[in-house]
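**Student:** Submitted below is the structure of interest, expressed as structure tokens.
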Amino acid sequence: MRQAVIVEGKYDKIKLSSLLDAIIIPTDGFGIFKDKEKMNLIRRLAEERGILILTDSDAAGFVIRNYLSGCIPSSQIQHVYIPDILGKEKRKDKPSKEGKLGVEGIPQELLIEALRKAGVTWDETSPQPRSKSRDITNLDLYEDGIVGSEGSKSRRLELLSQLSLPEHLSTKSLLQMLNTFLTYDQYKQAVDQLNGRSTTQAE
């Protein structure tokens, strides 16, 4: 899917990852209200490829949905709504405050149906390839000292800061973001800037 999918929590992301080949960003519930880095990332994704907002059907889910809708142009948003189904997620001791199943709890077929009702079709939303020589890979990150080597953490944080990306991205998410926002050549230019600063500091 071309659009990035915005969900509430990590268990929603896990559920959707088994169904969709897409960038999936959790808001960490109401944490999005104070997380400026993540909000900036969502704005960039919305501008670059559009976003699908898929939150729970309870009041809290609609508060998050409305907050995102107020921060991002409507032309960049597609809303997906899950049905109200009473029940309890298996991992929880008791139902939610309103007793409704969230995204993580509803059956897969209903999630797919909700996407289709919203007008999401896999053919129409398949990514259009960027004009670039090739994708950025895990091996590139390793060879450039961004992961897996001594001093890689500080280099990774410096790269994330340079690209205005959140510092807590996992390696998998970092690769997704790099390949979303940069061509391979632009990535190498960013690494060269890192190396240039390191050389200057060493002198």
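**Student:** Can you tell me how many residues in segment 132-147 are in a loop (DSSP other than H, G, I, E, B) and surrounded by 13 or more Cβ atoms within 10 Å (Cβ to Cβ)?
**Tutor:** 8
**Student:** Going residue by residue through segment 23-36, is there one that turns out to be under 12 Å from the mean Cα position of the chain (by Cα), at pLDDT below 95, part of a helix (DSSP H, G or I) and of a type outside the set (D, E, K, R)?
**Tutor:** No: segment 23-36 contains no residue that is under 12 Å from the mean Cα position of the chain (by Cα), at pLDDT below 95, part of a helix (DSSP H, G or I) and of a type outside the set (D, E, K, R).
**Student:** Which count do you get for residues in segment 91-110 that are crowded, with 21+ Cβ neighbours inside 10 Å and either in contact with a strand residue (DSSP E or B) (Cβ under 8 Å, 6 or more places away or on another chain) or aliphatic (A, V, I, L, M) (or both)?
**Tutor:** Going through segment 91-110 one residue at a time, the tally reaches 4.
**Student:** Any idea which of (1) at pLDDT below 95; (2) in contact with a helix residue (DSSP H, G or I) (Cβ under 9 Å, 6 or more places away or on another chain); (3) among the aromatic types (Phe, Trp, Tyr) is the one residue 67 doesn't satisfy?
**Tutor:** (1)
**Student:** Just to verify a result, which residue in segment 49-90, among those that are open to solvent by less than 10 Å² (accessible area, probe 1.4 Å) and in a helix (DSSP H, G or I), is farthest from residue 104 (Cα to Cα)?
**Tutor:** 68
**Student:** Output the number of residues of segment 12-22 satisfying the condition of being within 16 Å of residue 168 (Cβ to Cβ) and more than 13 Å from the chain's Cα centre (by Cα).
**Tutor:** 0
**Student:** Could you please let me know if residue 50 is within 16 Å of residue 9 (Cβ to Cβ), at pLDDT 90 or above and in contact with a helix residue (DSSP H, G or I) (Cβ under 9 Å, 6 or more places away or on another chain)?
**Tutor:** Considered against the rule, which asks whether it is within 16 Å of residue 9 (Cβ to Cβ), at pLDDT 90 or above and in contact with a helix residue (DSSP H, G or I) (Cβ under 9 Å, 6 or more places away or on another chain), residue 50 comes out as no.
**Student:** Condition test on residue 115, is it of a type in the set (A, V, I, L, M, F, W, C), in a helix (DSSP H, G or I), in contact with a strand residue (DSSP E or B) (Cβ under 9 Å, 6 or more places away or on another chain) and modelled with pLDDT of 85 or more?
**Tutor:** yes
**Student:** I'd like the full set of residues that are among the polar types (S, T, N, Q) and buried (at least 17 other Cβ atoms within 10 Å of the Cβ), limited to segment 9-39.
**Tutor:** Answer for segment 9-39, where residues must be among the polar types (S, T, N, Q) and buried (at least 17 other Cβ atoms within 10 Å of the Cβ): just 27.
The values are calculated or read from the model by the stated rules, or taken from the named source; none is laboratory data. Here the structure is a predicted model, which means the values were calculated and not measured. Cβ sites come from the backbone with ideal geometry, for glycine too, and all protein chains shown count toward neighbours. What goes into the accessible areas is simple: the full protein's heavy atoms, side chains included, and nothing from ligands, DNA or RNA. Shrake-Rupley method; radii C 1.70, N 1.55, O 1.52, S 1.80 Å.
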